[in-house]
Amino acid sequence: MGEKGTYQYDYWRPAVTADVVVFSFDGTRLNVLLIKRGHEPYKDCWAFPGGFLDENETLEEAARRELKEETGLTPKFFNEVGSFSDLDRDPRGRTITVAFASVVRPNQIRAVAGDDAKEARWFDIHEMPRLAFDHEKICRMALWKLRLAFINSPVAFLLLDDIFTLPEMQRLYTHVFCKEFDRRNFQKKFLSSGILTPVAQSDEEKKSPHSPIQYRFNEAGYTQLREKMLRC
């Protein structure tokens, strides 16, 4: 312990950063948000929003701050993806990052570059450019965690509009899990779960045989389903 009751570490301490993988779904594709870096290292390369941890903030606070500064987005959902500590992941020196995943609805996807980001743009997750640092590794882990969240929570409905159709929902699951689902089985599973509430159709929609039925997420139904599963 140093003078006046202050502690002094005997160990070297690395730099710490926070990065954010933001997912969106436009009804057709699963997208991720990237920023074009304005400074070295990796100037003009694409990367996830993020930056260094300030002295008086938590990692999640740093992630939220950097996301807002670089893209203007302030999503509610944040989930920790994991820590990444490869020795050579940052050419500036030993840097450990903790990555977070977030999701936004289609009506919230407008991103505007700010701070040290030259550009902010959405990319199809299957058609992404080469990324700076180890962000390709982070992306793979974030997608895996998103799949787990789909299984264990109602996060899927944060990627859809408040009102949606079953085909839209199935397309979302297809892109997240990278697999095709049988239409009949998929719809039967969710319609019987009690977590979807049909939206009343207008008179014009009722007259049209091709008008798709629309649904809302039923939070109460989801809670009852989870309680039932926990009692098993």
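The figures follow:
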item	result
Residue list for the range 127-159, filter: in a loop (DSSP other than H, G, I, E, B) and within 26 Å of R94 (Cα to Cα)	P129, R130, A132, F133, D134
Tally, over the range 144-170, of residues that are open to solvent by 20 Å² or more (accessible area, probe 1.4 Å) and in contact with a strand residue (DSSP E or B) (Cβ under 8 Å, 6 or more places away or on another chain)	5
Candidate set: the range 93-119, residues that are open to solvent by 20 Å² or more (accessible area, probe 1.4 Å) and in contact with a strand residue (DSSP E or B) (Cβ under 6 Å, 6 or more places away or on another chain); chosen: the one farthest from L158 (Cα to Cα)	I96
In the range 1-46, residue nearest to the chain's Cα centre (by Cα) [restricted to those that are surrounded by fewer than 21 Cβ atoms within 10 Å (Cβ to Cβ) and small (G, A, S)]	G27
Subset of the range 100-137 (residues that are out of contact with any Ser or Thr (no Cβ under 8 Å at 6 or more places or on another chain) and among the aliphatic types (A, V, I, L, M))	A101, I125, M128, L131, A132
Residue pairs meeting the criteria (Cβ under 6 Å; at least 6 apart or on separate chains; first under 17 Å from N31 (Cβ atoms), in the range 115-127; second among the aliphatic types (A, V, I, L, M) and part of a loop (DSSP other than H, G, I, E, B))	E119/A113; A120/A111; A120/A113
Looking only at the range 209-230, and only at residues there that are of a type in the set (S, T, N, Q) and modelled with pLDDT under 90, the one that is least open to solvent (accessible area, probe 1.4 Å)	S211
Boolean, Q187 is in a helix (DSSP H, G or I), touching a helix residue (DSSP H, G or I) at 6+ places or on another chain (Cβ under 8 Å) and either modelled with pLDDT of 95 or more or at positive phi (or both)	no
Some residue of the range 74-82 being in a helix (DSSP H, G or I), on the phi < 0 side of the Ramachandran plot and either open to solvent by less than 80 Å² (accessible area, probe 1.4 Å) or of a type outside the set (V, I, T) (or both)	no
Where A63 falls short, out of the listed (1) over 19 Å from the mean Cα position of the chain (by Cα); (2) surrounded by 14 or more Cβ atoms within 10 Å (Cβ to Cβ)	(1)
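The values are calculated or read from the model by the stated rules, or taken from the named source; none is laboratory data. The shown structure was predicted, so the numbers you read here are calculated from the model rather than taken from an experiment. Backbone-built Cβ (ideal geometry, glycine too); neighbour counts: all protein chains shown. These area figures cover heavy atoms from the full protein model, side chains too; ligands, DNA and RNA do not enter into them. Shrake-Rupley method; radii C 1.70, N 1.55, O 1.52, S 1.80 Å.
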